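The values are calculated or read from the model by the stated rules, or taken from the named source; none is laboratory data. Treat the numbers as computed from the prediction; the structure is a model and nothing was measured. Note: ideal-geometry Cβ built from the backbone for every residue, glycine included; neighbour counts use all protein chains shown. Protein only, heavy atoms only, side chains kept; ligands, DNA and RNA dropped before computing areas. Shrake-Rupley method; radii C 1.70, N 1.55, O 1.52, S 1.80 Å.
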Amino acid sequence: MQEKALSPTVSTEIITLTINGTSKQLEVEVWTSLLDLLREPLDLTGTKKGCDHGQCGACTILLDGKRINSCLTLAVMHDGSELTTIEGLAQDGELHPVQQAFIDHDAFQCGYCTPGQICSTIGLINEGKAKTLDDIRDLMSGNICRCGAYTNIVKVVQEALERNHKA
């Protein structure tokens, strides 16, 4: 008796996401992470794949204004959501104030972690929980910088929080 070969079935779903202000309807395999969706078919490579385990923060994006590690969530879980990546922060040719602050304070070296650091900073501001330097260090601890630019990154976050409180 001959055995039948099982043919794999690819399970997909159609989802709608607003990515950097543009609505997109996408057919995605159900196991596709948000990170892989952004980087592969959408070619938004500013969001980095670091550890792929949610430990380094290189993949941090904003989901409905809140920071998340895009490697730890499936794209199909966010049908109807609004995503902002590093590519979507500048408006009309002007850098987002946090992007500009990273430049002004020389808060990066190799730049690999910078997109995640910037998105995390904006998410931290949106959360409104950071009040002290210790809060900033604690709430940004999920974003790893292997070059050691932490001192300047903390200055950026502190300045951005102060600017936000004045606005």
*Do we have any residue at all in the range 83-90 that's open to solvent by 20 Å² or more (accessible area, probe 1.4 Å), of a type in the set (Val, Ile, Thr) and over 15 Å from Asn143 (Cβ atoms)?*
yes
*asked:* For the range 24-53, which positions are within 9 Å of Cys71 (Cα to Cα) and either open to solvent by less than 20 Å² (accessible area, probe 1.4 Å) or part of a helix (DSSP H, G or I) (or both)?
replied: Ser33, Leu34, Leu35, Asp36
*List, please: which pairs have Cβ atoms under 8 Å, are six or more places apart or on different chains, and start with a residue in the range 76-91 that is in contact (Cβ under 8 Å) with a residue 60 or more places away in the chain and end with one that is open to solvent by 30 Å² or more (accessible area, probe 1.4 Å) and of a type in the set (D, E, K, R)?*
Val76/Glu13; Asp79/Glu13; Ser81/Asp64; Glu82/Asp64
*Spans of helices (runs of 4 or more DSSP H) in the range 54-167 with at least 1 residues in contact with a strand residue (DSSP E or B) (Cβ under 6 Å, 6 or more places away or on another chain), small (Gly, Ala, Ser) and not assigned by TED's automatic domain parsing to the domain that holds Ile19*: 114-127
